[in-house]
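In what follows, a structure is listed as C-alpha cells, so that the remarks can point back to it.
No value in this document is a laboratory result; all are computed from the given coordinates. These numbers were taken from a predicted model, which means no experiment stands behind them. As a convention, Cβ positions derive from the backbone with ideal geometry for all residues, glycine included, and neighbour counts pool all protein chains shown.
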Amino acid sequence: MKIPYYPGCTLHERAKDFDTSARECARALGIELEELPIWTCCGAVFPLVTDSVMEILAPVRNLSYASRIGDKVVTLCSFCYHVLKRANHVMREDPEKREKANLFLRADTKAREAVESYTIEDYVGQVDVVHYIEMLRDVVGFDALGQKVKNPLKGLKVAPYYGCMLLRPKAEMKFDDPEQPTIFEDFLGSIGCDVVDFPMKTECCGGFQIVNDEELAVACSQNVVTSALKRGADVIVTTCPLCRYNLDKKQEEMAERVRGFRKIPVIYFTQLLGIALGLPEKHLDFSGNYVDPRPVLAEKVSL
Amino acid sequence: MEHRIGVFVCHCGSNIAGVVDVKRVAQELAKYPGVAYSTDYTYMCSDPGQNLVKDAIKKHRLTGVIVSACSPTLHEATFRRAGRSAGLNPYQVEMANIREHCSWVHQHDKEQATRKAIRIIKTMVEKVKLDEALAPIAVPLTKRALVVGGGVAGIQAALDIANAGYEVVLVEKSPSIGGHMAQLSETFPTLDCSQCILTPKMVEAGQHPRIRLMTYSEIEDVSGYVGNFKVKIRKKSAYVNRDVCTGCGLCTQKCPAKVESEFDEGLAKRKAIYTPFAQAVPNKPVLDAEHCTYFKTGKCGVCKKICPVDAVDYEMKDEVVEEEVGAIVVATGFDLYPMAKMGEYGGGKYKDVVTSLQFERILSASGPTTGEVQRPSDGKVPKEVVFLTCVGSRDPEGHVPYCSKVCCMYLTKHAMLYKHKVHDGQAYLFYMDVRTGGKGYEEFYQRASEEDDVLYIRGKVSKIFEEDGKVVVWGVDTLTGKKIEIEADMAVMGLAMVPSGAARELANKLKIHTDEWGFLSEAHPKLRPVESLAPGFFLAGAAQGPKDIPEAVAQASGAASKVAALFSEEVYHREPAIAWIDEDRCAGCRICVSVCPYDAAVFDEDKKVARIQEAICEGCGACIAACPSGTATQKNLTDDQIYNMVSAALEE
C-alpha cells in the first residue's frame, strides 16, 4: 500500500534518523511512504495574522501537491503536522481565504513544469493530514501492530512525550484530548512497553525559544525531563525533532545546572517501533542522539 | 346579519400617537363598511378607556370590537373582560396591534405608518365580522398531583400541595427522599446543619396522610392532558417487602457484600442490602441485586435467613402501577458535571482532588470521617487546601457556558468550615468573580476572607497533578499577573451543575421542553417561571436551572400554589379558539394525526374520521395547514376570515 508522505525539511537533514526509521517501520508493516514528488518547507510556524494569506501559502502549496497523488498525506514532525493541519482547516472553513490562496496556486507553474501529468486543480481541503501514529492506529490498527511485534519491549519503562503542537488548538487539530491524550499510551501498550504516566507529558519543551532565550527553553525542557525521570522512566519518546533536540541535547546544560543530574535518552517513537518490529539497528540510526539510548535498550530489551 | 363594529384607537401616550395620526385613523375607519362607531383615546387600557369601550358597546349595540393598541399578549384579556361585562361575547373582541407592528418600527415615516395602521385595523375588522361567539372549554379535573423527584424542591412542593388539601403522589428514583440536600454538611450563609433542617420535612412528607410516597420508583410513561393525566410508575424491585420490614437493620449489618456508597460519593462503602443513610425516609432497606452475592453466585442468602419478619424476597419483580393525576410537578434536580471530563485536573484519577459533594461528605458529621477533615488518599489532615470555582462552568469553549450560581457560595462555606476545623490550615480559593447575590451572602463572603483568612485568588487553575504525595496546583493570579504554584494536600472542585442524568429522558416522556443543556424550560423567563409551556406541568428546583436551597424551595412553593390554584376550580377552562374537524367531510387520511405535536388529533376507528381532543389542542394550526381537504379549521381563524383579511390588507 502506498501512502503519500511529506517528510519536511528537518527529516531530510538533522532528523534523518526519524525519517529512516519511519520509512523502514512502514515497509515492515507493508506500507510504502511515497514522498511527494515536489515539496517545500511547511512554513514551520502557523501564522497568527488573520488578514493575510501569504503566510499559509507554503503549507497550502504542499497540500495541493499532495492532492495530486492521493487523498491523504502522512507526516511525522509535530510542527509540520501542526502547520499543515491548521492550514488545511483554513482551506476547508474560510471561503474567502480559500479563494485567495487558490489565486496564487493557479499561478504556480513550477509544479506543472516539474511533473507533466499534473493538472492544476483548486485546493479546497480535499486531503486529510494524517500523523504517522494515526496511520498506525487507523490503517494498521494497534491490535494488528501488536501481532507484528517480534521483540517485545516488556520491562522497558517508556515516558510518552506529546509536547504541545500535536494537541492544540483542540478544535482545529482534533488529534486527541489535549488534557488527557491517550494515543501514545495506546501505541506504546500495543508494542509491549511499560508506559510511564508523567504529569509534564503535554507541557511545552521550550520550542523555538531555544534560539532567542535558551535559558527559558532549557528550563521548560528540564521540567519535562525531570518529571519523566522522577516517575522512573528509562527512555522518553517523542514525535518532534525540535522537542528531541531540546529534551536530548540540552541535557548537557541541565547536567551543568543540577548537581547529580541523571541523563535519560530521548528517542523517536519510530525508533522504538523499529526495535519492537525487530529491524536491524542500522535502520534505526541512534547516531544522532546526544544521550546514547543503546546501553539502556541493550540492558532492558535485546537490540 | 348587520355588522356593527366598534373601533377604538389608542394613543398609548405618545407611543402610538407620536407617529401615527390617530385622529385620521379613527376618521378613516368610521367610513369602513360595517363599522358603526370609531374613536380614539389617550390610554384605552385605563379605567376611563375601558369604560369608553363598555359604554359604546351598549349605546351603539356593537356586534364586535377592535381595540387598536398594543400586542394581544398584553391587553387582549383586559378588553375581552371589558367586552364581556358590557354583554358582548369576549371572543368577538380583538386587538389590532398598531404599536409593536407599526408605530415602534416606523418612527421615521409618519405618513406611511398612519396608512399601515389603517390597513392593520381594517384586516381585524374583517376578522371580527366572522368571529363566532365562543365559550371556554370546560375540562374535568382530577384533583391529585404527581411530584417527580424527592429532593428538597419535590418535598416542599408535595407538602405545600398536600397541606392545601389535595392528594400527592411523590415519586423518587432512589431508595430515600432527601436528594442532594441530605448529603450537605452545613448550609450557607447561616451554617445551620443541612440534615437538621431537612429531616423534619422528610419525615413530614413520609407520614403525611395525603402524600403517597413512592421511592425506588421511576416514571415509565405519561399520557393524557392537564387535569387528566395517566401516569405509569415502575416500582423497582427492592427484594424487600417494605410493608412487612420493620427497618431493624439486621440484614444490612450481616450482609457481606460491600459497594461504594452513592450517598457518601464513593468515599465510604455500603452493603448490597442497604438504607442510603441513617435518617432515610422510608427507613427500610433495598437490595442492590447487581452487587448482591446471592444474585451473583447463588450462594449466601444471609439477609433472608436473618430477617426476623421474613421480608426479604429474592423472587420479587418490578411492578408497574398506574396513577391518575391532574397536574405534574417536575423536580428532578441536578448532578455535578462529570469529573472525568476535567482532564486538566486529573479527570478523577487523583484521590485527593475531590468533588464539592465529596467534600460535603468529608465535612459532614454523618460522613465517613464523622466530620473530621481527612484527605481520602491517606487519611491525613490536609494543611493546605485549594478550592476551585467554575470547574466546567463559564467555559463555552470546553464545557458549559452558564454560571452554576451556587459554587462561589458553597466553596466559601467549604473554605470557612475547613478553617473552623483545621485552625492552622490554609485555604486558597481561585475565582473568576465572586458572585454573592443573595440575602446575607456578601457578608458571608466578607467573613470568610476577613475573619477566617481564606485567601481568594482571582484567576483560573490550568493544571493539577500529583507529585510527592501532594497535589500540585498551577494557576494564575490575574491581579498581580503572576503564575502561581501551590503544593497542596487536597483540592476541591466546584463542578458545574447539570440536569440530573435521567431528566432529559423524562422530559421527552413528559413532552416538555428543555434548553440546550437539558434544563427544563419555563413558560416565560420572568412572568411564568414555575410553569412549563405544556399545560399542567410545573417546574421546581435545580431541574429548571442552577439554584441554591432557598430559591429551590421558593420555586417549589410557587409551583405548588399554581397547582392549588388549578385545583381550586371545579373544572379547568381552556381557550376555545382551537382546531375543529367536520366529521362529515373528513376523508380519514390521518395526516392531521401525524402532524399534531400535542397528540390532540386522534383517529376514530369506528367512524373512520379524525377528531380533535378539545382538552389537549393548543390551536397551533399544524393540522389545518396539513389537511388536504380543508376540513380541519381553526375556530375564529377560518379560511374565509383569512381571505377577507388578506383582501383588506391588499386593498388599494
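Points to keep in mind about this one:
- The lysines whose alpha-carbon is closer than 21 Å to the alpha-carbon of A:LYS148, local same-chain residues fewer than 8 away aside, are A:LYS2, A:LYS157, A:LYS282, A:LYS300.
- Residue exposure sequence - A:THR50, B:THR514, B:THR42, A:THR202 - by fewest surrounding Cβ within 10 Å: A:THR50, B:THR42, B:THR514, A:THR202
- Expressed as a whole percent, the proportion of Cα-Cα pairs in chain B lying more than 41 Å apart is 45%.
- Look at B:ARG394, A:ARG61 and count the other Cβ atoms within 10 Å of each Cβ; fewest to most, that gives B:ARG394, A:ARG61.
- Dividing the mean sequence gap of close Cα pairs (under 8 Å, 6+ apart) by how many residues chain B holds gives a relative contact order of 13 percent.
- Taking the inverse of the mean 1/r over every pair of distinct Cα atoms in the range A:216-260 gives a Kirkwood hydrodynamic radius of 10.8 Å.
- Kirkwood hydrodynamic radius of the range A:2-130, from inverse mean 1/r over distinct Cα pairs, in Å: 14.9 Å
- Protection-proxy order for peptides B:331-338, B:248-255, A:219-226, B:480-487, each taking the mean of Cβ atoms within 10 Å per residue, highest first: B:331-338, A:219-226, B:248-255, B:480-487
- Built amide H within the under 5 Å cut-off of A:TYR5, gap 5+: A:GLU34, A:GLU35, A:LEU36, A:VAL74
- Counts of other chain beta carbons within 10 angstrom of each beta carbon in peptide A:224-231 average 1.
- Sequence of A:CYS205, B:CYS196, B:CYS307 once ranked by neighbouring C-beta atoms within 10 Å, starting from the fewest: B:CYS196, B:CYS307, A:CYS205
- Between the amide H of B:GLU220 and those of B:LYS232, B:ILE233, B:ARG234, distances stay under 5 Å, these residues lying 5 or more places away or on another chain, with hydrogens modeled in the peptide plane.
- For the range A:2-130, averaging the sequence separation of C-alpha pairs within contact (under 8 Å, six or more residues apart) and dividing by the residue count gives a relative contact order of 28 percent.
- Kirkwood hydrodynamic radius of chain A, Cα pairs, Å: 19.9 Å
- Cα-based reach from A:LYS154 at 13 Å (exclusive), listing aspartates and glutamates while leaving out same-chain residues under 8 positions away: A:ASP194, A:ASP234, A:GLU299
- In whole angstrom, the range A:1-50 maps to an equivalent ellipsoid with semi-axes of 24, 13, 9, each derived as √(5λ) from the alpha carbon gyration tensor and ordered largest first.
- The alpha carbons of the range B:5-136 give a radius of gyration and a Dmax of 13.4, 42 Å, in that order.
- Cα-based shape type of the range B:335-498, given that a ≥ b ≥ c are square roots of the gyration tensor eigenvalues and the cut on a/c is 1.5: rounded
- Eligible aspartates and glutamates near B:LYS305 by straight Cα distance, threshold 19 Å, same-chain separation 8 or greater: B:ASP243, B:ASP288, B:ASP313, B:GLU315
- Rg(Cα)/(2.2 N^0.38 Å) for the range A:179-232, N = residue count: 1.32
- Couplings for the range B:35-45, taken from phi via the Karplus curve 6.51 cos²θ - 1.76 cosθ + 1.60 with θ = phi - 60°, read 8, 9, 8, 8, 8, 10, 7, 4, 10, 4, 6 Hz in order; Gly and Pro are left as x.
- Rounded if a/c under 1.5, otherwise prolate or oblate - the range B:498-556, Cα gyration tensor axes: oblate
- Amide H contacts for B:GLY151 (H built 1.01 Å from N in the peptide plane; partners 5 or more residues away or on another chain; cut-off under 5 Å): B:GLY178.
- Rounded to the nearest Hz, the phi-derived 3J(HN,Hα) couplings of the range B:122-138 under the Karplus curve 6.51 cos²θ - 1.76 cosθ + 1.60 (θ = phi - 60°) are 4, 4, 6, 4, 5, 5, 5, 4, 9, 5, 8, 6, 10, 10, x, 7, 9, where x marks glycine and proline.
- Taking θ as phi - 60° and the Karplus parameters 6.51, -1.76 and 1.60, the scalar couplings of the range A:3-15 work out to 10, x, 9, 10, x, x, 4, 4, 6, 8, 10, 5, 9 Hz in sequence order, x denoting glycine and proline.
- For the protein assembly as shown, the fraction of alpha-carbon pairs in successive 20 Å shells from zero, as %: 11, 28, 31, 24, 6, 0
- Contact order relative to length of the range A:1-67, as percent, for alpha carbon pairs under 8 angstrom and 6 or more apart: 34 percent
- In terms of its C-alpha gyration tensor, the range B:237-317 comes out oblate, because a/c is 1.5 or above while a/b does not outweigh b/c.
- Beta bridges by DSSP in the protein assembly as shown, antiparallel share as percent, to the nearest 5: 45 percent
- Cα-only Debye scattering, the range A:141-300: base-10 log of I(q)/I(0) at q = 0.13 Å⁻¹: -0.59
- DSSP beta bridges confined to chain B are antiparallel in about 50 percent of cases.
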